[in-house]
1. Tell me yes or no: at least one residue of the stretch 81-101 is within 16 Å of the ligand (Cβ to nearest atom) and outside any loop (DSSP other than H, G, I, E, B).
2. Criterion first (within 30 Å of the chain's Cα centre (by Cα) and not in a loop (DSSP other than H, G, I, E, B)) does residue 109 satisfy it?
3. Look through 55, 26 and report the one residue that is under 30 Å from residue 103 (Cα atoms) and part of a loop (DSSP other than H, G, I, E, B).
4. Does residue 78 meet the test of being part of a helix (DSSP H, G or I), within 20 Å of the chain's Cα centre (by Cα) and either more than 14 Å from the ligand (Cβ to nearest atom) or exposed (fewer than 11 other Cβ atoms within 10 Å of the Cβ) (or both)?
5. Would you mention how many residues in the stretch 1-55 are surrounded by fewer than 12 Cβ atoms within 10 Å (Cβ to Cβ), in contact with a helix residue (DSSP H, G or I) (Cβ under 8 Å, 6 or more places away or on another chain) and modelled with pLDDT under 90?
Ligand SMILES: [Zn+2]
């Protein structure tokens, strides 16, 4: 069933009515849309990138630790909202996995190169 209320522009609201009620989520709770908008406004007010320390993209675990450590302090001190801080934490986890995989690949390549060179040296000695 469709919501029975009219929108501000006079057109019929096209949202689905809540079950057992004549109106949708927003029309059955006057002021709810404004409340949610205000929450978004508060979040945007607290997240002001110009107030945060700038970092170049991290390419090592140590650089990533600096970003994550700073983000933790920004959330605690109220310079950054928890939702954005949480997103940073989540992305930091992804980046750390990539950094670890890249580090392992680099180290394995060095070990493989060493083994190839040793074998080549050994075979030259025996001839
Ligand atoms: Zn409605």
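The values are calculated or read from the model by the stated rules, or taken from the named source; none is laboratory data. Keep in mind it's a predicted model, so treat the numbers as computed, not measured. Reconstructed Cβ throughout: ideal geometry from the backbone, glycine too, with neighbour counts over all protein chains shown.
1. no
2. Judged against the criteria, residue 109 is not a match.
3. One residue alone meets the criteria, 55.
4. Taking the combined requirement at face value, the residue does not satisfy it.
5. 0
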